[in-house]
Amino acid sequence: MARPVKPKTPRGAVASGWHRAVYKHGQSLVKKPFDYYTARFLAMNIRLPMSIRALKRYGVKDMNLAEWNHYQRYFKHLPANMRPYFARLTRLAYTTRGKKKRSWLYVEPVLNANGELSQTMADHVKQHGRIHDPAFWDRFSSMVKWMLQQKIPFFDFNAHNIVVQRHIPRKWVPVMVDYKSASLRPYWVHVWLRNPKIRAQRMIRLANRTIRVMGGAHYCLKLSKNAENERPR
Ligand SMILES: Nc1ncnc2c1ncn2[C@@H]1O[C@H](COP(=O)(O)OP(=O)(O)OP(=O)(O)O)[C@@H](O)[C@H]1O
Ligand SMILES: [Mg+2]
């Protein structure tokens with residue numbers, strides 16, 4: 001099986017994931033997709049244009065466009081109690097260098113009280129240890145419950161897509177920063193996920209896994225099987 005290779009964070013970028021690097025641009029952050037996606041297969045590195053991967057997974061050649069579309073559809077008009085939990089996307093722009101057209105996705109940076117960029121949950125836990133603050137997991141659970149209520153197809157609760165915003169004193173807030181997978185498209189083979197009940201169960205399972213790994217077993221199952229009918233606080 002081909003295994004994806006994690007790209008290094010390019011020089012000048014403040015953060016990066018498997019598909020995009022994030023740069024500071026004035027007061028904003030800008031997400032720029034890498035040109036290539038690399039997978040390792042039979043001891044060889046195979047490079048595919050990122051547009052092919054985006055087309056396969058998100059149905060458009062551009063991941064930034066996919067994320068922008070999902071944001072407009074589900075996250076643009078948030079109720080006031082959910083606003084702190086979702087980073088705001090502000091603009092999708094295109095630049096051309098040579099013949100290539102590139103997209104830049106502008107996003108509001110999530111900042112701690114001291115003005116530093118918030119760390120991902122994974123980095124936070126690596127540096128400070130597991131998060132044992134029940135209030136943090138209550139906030140996380142209410143964010144997931146709202147997504148369940150809205151029937152947003154989202155399974156990517158991994159600890160690199162959620163940052164921990166540190167307010168003073170010791171108030172930590174989970175903030176979602178990656179919406180590109182808010183779609184059933186990457187899971188088109190999993191036809192059973194078209195059933196909302198099965199989809200909700202999977203979302204709950206994945207969210208609980210994040211709670212268990214990043215918090216500890218005793219915070220697990222804050223989300224009940226009926227979470228989609230519960231009102232988020
Ligand atoms: N609004 C934001 N505020 C602070 N940091 C951010 C923000 N948006 C993104 N980041 C940082 O940039 C990193 C990469 O962003 P993102 O998850 O969108 O990239 P990606 O390559 O599409 O991710 P993936 O690896 O999940 O495919 C995040 O893990 C996070 O550290
Ligand atoms: Mg991500």
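Restricting the stretch 14-26 to residues that are assigned to a loop (DSSP other than H, G, I, E, B) and in contact (Cβ under 8 Å) with a residue 12 or more places away in the chain, which is nearest to ligand 2 (Cβ to nearest atom)?
Residue satisfying both the conditions and the ranking: Gly17.
Right, Leu55: without any contact (Cβ under 8 Å) to a residue 24 or more places away in the chain and surrounded by fewer than 20 Cβ atoms within 10 Å (Cβ to Cβ) or not?
Yes: the conditions hold for Leu55.
Mind checking whether some residue in the stretch 124-143 is outside any helix (DSSP H, G or I), closer than 22 Å to Ser28 by Cβ and not basic (Lys, Arg)?
No, the stretch 124-143 contains no residue that is outside any helix (DSSP H, G or I), closer than 22 Å to Ser28 by Cβ and not basic (Lys, Arg).
Starting from the stretch 189-206, keep only residues that are farther than 19 Å from Asp138 by Cα and assigned to a helix (DSSP H, G or I), then list their pairs with residues that are hydroxyl-bearing (Ser, Thr, Tyr) and modelled with pLDDT under 90 whose Cβ atoms are within a distance under 8 Å, requiring at least 6 positions of separation or different chains.
What qualifies is Leu193/Tyr187.
When only residues in the stretch 28-52 that are without any contact (Cβ under 8 Å) to a residue 12 or more places away in the chain and outside any strand (DSSP E or B) count, which is surrounded by the most Cβ atoms within 10 Å (Cβ to Cβ)?
Among those that are without any contact (Cβ under 8 Å) to a residue 12 or more places away in the chain and outside any strand (DSSP E or B), it is Ser51.
Of all residues in the stretch 92-135, how many are more than 14 Å from ligand 1 (Cβ to nearest atom) and either among the β-branched types (Val, Ile, Thr) or closer than 26 Å to Asn208 by Cα (or both)?
Of the residues in that region, 10 qualify.
The values are calculated or read from the model by the stated rules, or taken from the named source; none is laboratory data. On a predicted model such as this, the values are computed, not experimentally measured, just so you know. Cβ atoms come from the backbone with ideal geometry, glycine included; neighbour counts cover every protein chain shown.
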